[in-house]
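Structure first, then comments.
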Amino acid sequence: MSGGSFNYLCHSWDLSDIVGKLGDLEAMSQALAGLGYAQDAARETEELLVILRQWQVQTEVRLQRLAPVWKAMEWWQSCDSSEDGFREALAEYRGETKEQPDA
């Protein structure tokens, strides 16, 4: 039987390869830990999984915050919107609010 039990995790050479294989990485960690004599490799594999999950959460939070700014810039640069739209998106990103006139 050929390889591939972990979807060829061994050929994941960069971040774009490994990000889509978190489940395989977890299965690999468990398989290594189950051997009893590969605890060091299991531990480092688990540490890598933790790092990738933390990175994923941090990245998703930043993407959600930045997406409106990126959209406004893209639309402005492609002449679908104005610089004013970009400035509004940037102000919202920064948490700046428009001053309300005194009533």
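When residues in segment 51-73 are screened for being β-branched (Val, Ile, Thr) and exposed (fewer than 11 other Cβ atoms within 10 Å of the Cβ), 3 of them pass. Residue-level check: of (1) open to solvent by 70 Å² or more (accessible area, probe 1.4 Å); (2) under 16 Å from Leu9 (Cβ atoms); (3) among the polar types (S, T, N, Q), Thr45 misses just (1). Among all positions in segment 24-37, there is no residue which is open to solvent by less than 80 Å² (accessible area, probe 1.4 Å), free of Cβ contacts under 8 Å to residues at least 24 places away in the same chain, charged (D, E, K, R) and over 24 Å from Gly4 (Cα atoms).
Looking only at segment 74-90, decide whether some residue is in contact with a Pro (Cβ under 7 Å, 6 or more places away or on another chain) and either among the hydrophobic types (A, V, I, L, M, F, W, C) or surrounded by 12 or more Cβ atoms within 10 Å (Cβ to Cβ) (or both). Yes - at least one qualifying residue is present in segment 74-90.
Scanning segment 1-23 for residues that are hydrophobic (A, V, I, L, M, F, W, C) and open to solvent by 40 Å² or more (accessible area, probe 1.4 Å) yields Met1, Phe6, Cys10, Trp13, Leu15, Val19. Scanning segment 16-74 for residues that are of a type in the set (Val, Ile, Thr) and either at pLDDT 95 or above or closer than 30 Å to Gly85 by Cβ (or both) returns Thr45, Val50, Ile51, Val57, Thr59, Val61, Val69. Among the residues of segment 44-90, those that are touching a Ser or Thr at 6+ places or on another chain (Cβ under 8 Å) and not β-branched (Val, Ile, Thr) comprise Glu46, Leu49, Ala72, Trp75, Trp76.
The values are calculated or read from the model by the stated rules, or taken from the named source; none is laboratory data. Keep in mind that what you see is a predicted model, and the values were worked out from it rather than measured. Glycine gets a Cβ as well: all are built from the backbone with ideal geometry, and neighbour counts include every protein chain shown. Keep in mind that these areas ignore ligands, DNA and RNA; they rest on the heavy atoms of the full protein, side chains included. Shrake-Rupley method; radii C 1.70, N 1.55, O 1.52, S 1.80 Å.
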